[in-house]
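A.B. asks: Attaching a single structure in structure tokens format; questions to follow.
The values are calculated or read from the model by the stated rules, or taken from the named source; none is laboratory data. Just so you know, these numbers come straight off a predicted model, no measurement behind them. We place every Cβ from the backbone using ideal geometry, glycine too, and count neighbours over all the protein chains shown. For the accessible areas, the whole protein counts, side chains as well, though only heavy atoms, and no ligand, DNA or RNA atoms are used. Shrake-Rupley method; radii C 1.70, N 1.55, O 1.52, S 1.80 Å.
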Amino acid sequence: MPWNKDDYPDSLKNFTAPVRNKAIDIANALLEDGYEEGRAISIATAQAKEWGENRDKQIRKKGH
């Protein structure tokens with residue numbers, strides 16, 4: 001099931017929107033490539049955090 005900006009895994013809820021959206025894009029691509037959901041979320045989370053750090057973006061919402 002592909003995710004979108006309104007429907008995404010709970011594990012992404014504390015990320016800022018740009019990082020969360022990048023994780024959603026990555027996870028959806030991994031699902032299309034045949035990865036199982038849990039593995040896709042794990043990989044996408046790590047890659048989105050790295051993407052944000054490389055662009056000096058805030059990773060998590062304030063207070064999280």
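A.B. asks: Dipole of the chain, Cα-centred, from +1 at each Lys and Arg C-beta and -1 at each Asp and Glu C-beta, to the nearest 20 debye?
C.D. replies: Here the chain has a charge dipole of around 480 debye.
A.B. asks: With a point put 7 Å past each Cα toward its Cβ, work out how far Y35 is from S11 in nm, to one decimal.
C.D. replies: Between Y35 and S11, the simple spin-label model gives 1.0 nm.
A.B. asks: Let me check I've understood the local charge: for N14, count other residues with C-beta under 11 angstrom from its C-beta, Lys and Arg +1, Asp and Glu -1. What total comes out?
C.D. replies: Net charge in that neighbourhood comes out at +4.
A.B. asks: Shifting gears a bit: Ignoring any ligand, DNA or RNA, what whole percent of the accessible area of the chain comes from carbon and sulfur when the probe is 1.4 angstrom?
C.D. replies: After summing per-atom areas, the C and S share lands at 43 percent.
A.B. asks: Find the relative contact order for the chain and round it to a whole percent, using C-alpha pairs within less than 8 Å whose residues are 6+ positions apart.
C.D. replies: For the chain, the relative contact order is 37 percent.
A.B. asks: Summing -39500 (n - 2.57) over the DSSP H runs of n ≥ 4 in the chain and dividing by its residue number, what mean residue ellipticity at 222 nm do you reach, to the nearest 500 deg cm²/dmol?
C.D. replies: The per-residue figure over the chain is -18000 deg cm²/dmol.
A.B. asks: Are there trypsin sites (Lys or Arg not before Pro) in the chain that DSSP puts in a loop and that have at most 16 other Cβ atoms within 10 Å, and which ones?
C.D. replies: Passing sites in the chain are K5, K13, R55, K57, K61, K62.
A.B. asks: Can you tell me the accessible area per residue over the chain, all protein chains present, probe 1.4 angstrom, in square angstrom?
C.D. replies: 67
A.B. asks: Could you tell me the largest-minus-smallest coordinate of the C-alpha atoms of the chain on each of the three principal axes, in descending order and whole angstroms?
C.D. replies: Largest to smallest, the principal-axis extents are 33, 22, 15 Å.
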